[in-house]
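Worksheet: one structure, shown below.
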Amino acid sequence: RFSSRMLRLTRMRSVAAVSRPLLSHVGARFVTKNAMEHPNPNIKSASDQLWYQFHNFWPVQVPLSMQMPGTPRAEDGVEAAEPVTELTTLPNGVRVITESSWGLGASMAIFLGTGSRVETKETHGCSHFLQHLAFKASVDKSQFMMTREIESLGGHVAAGAGRDCIMYAGECLSSDAPELFELMAESALKPRLDKLDVDNARALVFGDHQNQMQNGAGAVQELLHAVAYQGQTLGASVMCDPHAAEMMQGATIQQFLDETISPSRVIVVGVGVEHARMLDTVQKVFGEMPSSSPKEPELAKYYGGDMRMQGEPGLAHIAIALEGVACDDKDMLALATLQSILGGGDQFSAGGPGKGLTSRIFRNVLSNPEVQTANGINVSYKDSGLFGIQATCDSQYADKTVKLLTTELARLRKPFTEEEVSRAKNMTRSSLFLNLET
């Protein structure tokens with residue numbers, strides 16, 4: 001045993017002795033050949049290159065407190081510049097809004113001022129279908145080519161339909177923003193509406209309908225809008241009715257686009273894209289879009305009322321709301337702060353800072369074990385909105401839960417403490433800034 005241990009020790013010393021001249025030889029090679037070819041532009045000396053070369057292979061861990069060669073010190077950081085927001089309206093009415101960003105990525109979106117609120121009996125469900133036709137085949141590209149071009153740019157895209165707008169969004173590196181935006185616009189303005197495309201979208205629409213039937217919390221939101229506006233304007237469901245979905249044709253969708261889309265109803269937003277560059281791209285895509293004057297949507301009128309519907313057994317989904325404010329109302333931020341005062345959550349919250357355990361709903365509603373979830377509601381549209389509380393409870397305790405929710409809404413008329421107002425304002429700011437990060 002002693003002899004084998006001495007043999008291993010001798011071999012280790014031999015390797016160490018050979019490594020020293022080898023290290024100097026490798027250093028000489030780096031100086032003569034590769035000193036200026038390192039992919040990191042901050043690595044300029046042979047010693048810096050050696051540090052990275054051997055720390056990449058040796059089984060050592062560099063502490064976070066150690067400054068690596070070629071990297072700037074923390075004290076040398078440059079303060080981020082204030083973001084600059086610019087707005088330009090093209091001659092035909094398309095609005096372009098950009099905001100500068102310090103990052104390398106770009107986020108863009110196209111908002112079309114249409115949605116379920118402007119649908120008629122004949123075009124009901126077109127917005128829902130357009131959501132599922134997005135980024136599939138276009139008039140000029142197959143679905144395979146559309147997908148391939150988006151993926152070649154490393155892009156991430158999404159689309160969504162609402163009551164007062166349809167959105168097409170995309171993210172990629174700033175350098176690839178023009179190419180991705182052209183694909184977004186092509187998908188928004190020229191979706192292919194052949195029978196095969198509509199049939200594929202129809203299957204997805206049916207799937208959404210089945211999911212909603214199993215999602216009581218989502219279904220009660222649709223019923224809330226329907227009873228608040230009596231099925232008109234904002235009360236029209238975004239979800240396509242199964243019978244209408246079965247009868248949907250590509251010609252109907254094209255008719256809906258022609259009747260409701262105009263340059264004045266198109267807003268393009270870009271973050272992390274130069275304004276002048278964005279203008280050039282938008283002008284190329286939307287510049288020749290002919291001006292038109294589609295019929296203005298009817299103003300939403302709040303009625304209120306009561307609606308009850310049979311749902312999944314064992315649970316009751318309840319929503320009680322009042323008319324809120326429009327998205328451009330001066331009291332919008334005040335109502336958002338009021339929603340933060342209400343708070344919400346569920347019985348299975350892990351607790352801890354930021355979980356809203358001091359909010360009114362947590363203290364006064366979710367403290368009752370019969371209530372599983374409860375949250376404040378605050379949705380705003382162009383000309384109206386809804387504010388209230390939504391909850392899920394065991395069916396046999398529905399009456400008690402209704403009383404808890406109405407009591408909590410009535411308590412909002414009483415004065416607030418300075419502590420809860422300050423906390424709610426900070427939570428609202430935090431939510432706003434976190435949304436701006438994405």
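The values are calculated or read from the model by the stated rules, or taken from the named source; none is laboratory data. None of these values were measured; they are calculated from a predicted model. All Cβ positions, glycine included, derive from the backbone under ideal geometry; neighbour counts span all protein chains shown. Ligands, DNA and RNA are stripped out before the accessible areas are found, and what is left, the full protein with its side chains, is counted by its heavy atoms. Shrake-Rupley method; radii C 1.70, N 1.55, O 1.52, S 1.80 Å.
Note on Lys190 and Arg277: their simple-model spin labels are 2.4 nm apart, each label 7 Å out from Cα toward Cβ. The distance separating the Cα centre of the range 81-132 from that of the range 291-344 comes to 22 Å.
Over the Cα atoms of the range 103-145, Rg to Rh with Kirkwood Rh, two decimal places?
Ratio of gyration radius to Kirkwood radius: 1.11.
If you plug the beta carbon distance of Asp241 and Asp176 into 1/(1 + (r/R0)^6) with R0 = 45 Å, you get a FRET efficiency near 0.70.
What is the local net charge at Ser142, summed over the other residues whose Cβ is closer than 12 Å to its Cβ (Lys, Arg +1; Asp, Glu -1)? Local net charge: 0. Take the Cα of Gln249, step 7 Å toward its Cβ, do the same at Met145, and the gap between the two points is 2.7 nm.
Sorting the segments 258-269, 137-148 by their residues' average number of neighbouring beta-carbon atoms within 10 angstrom, most packed first, yields 258-269, 137-148.
Here each label is just a point 7 Å from Cα along the line to Cβ, and for Glu419 and Glu323 those points are 3.7 nm apart. Length gained on full extension, Asn215 to Asp258: 12.1 nm, using 0.36 nm per residue less the C-alpha separation.
From largest accessible area down, sort Met309, Met289, Met248; use a 1.4 Å probe on the protein chains.
Most to least solvent-accessible, the answer reads Met309, Met289, Met248.
With just the Cα atoms defining each centre, how far is the range 243-260 from the range 400-430? Give it in Å. Using only Cα atoms, the two centres lie 44 Å from each other. Counting only aspartates and glutamates at least 8 places from Lys190 when in the same chain, those with an alpha carbon closer than 13 Å to its own are Asp140, Glu182, Asp258.
Computed from backbone phi, the HN-Hα couplings of the range 411-417 come to 5, 5, 7, 8, x, 9, 7 Hz, rounded to whole numbers (Karplus: 6.51 cos²θ - 1.76 cosθ + 1.60, θ = phi - 60°; Gly and Pro given as x). A cut-off under 13 angstrom between Cβ atoms defines the neighbours of Gly218, and their net charge, with Lys, Arg +1 and Asp, Glu -1, is -3. All other residues whose Cβ lies under 14 angstrom from that of Thr417 are scored, Lys and Arg at +1 and Asp and Glu at -1, for a net of +3.
When the Cα atoms of the range 249-302 are enclosed in a convex hull and the volume is divided per residue, what value in Å³ results?
Cα-based convex hull of the range 249-302, divided per residue, equals 152 Å³.
Pairs of Cα atoms in the range 263-410 fall into 10 Å distance bins, from 0 up to the last occupied one, in shares of 9, 28, 25, 18, 14, 7, 0 percent. Subtracting the Cα-Cα distance of Thr358 and Met309 from 0.36 nm times their residue separation leaves 14.3 nm of extension gain.
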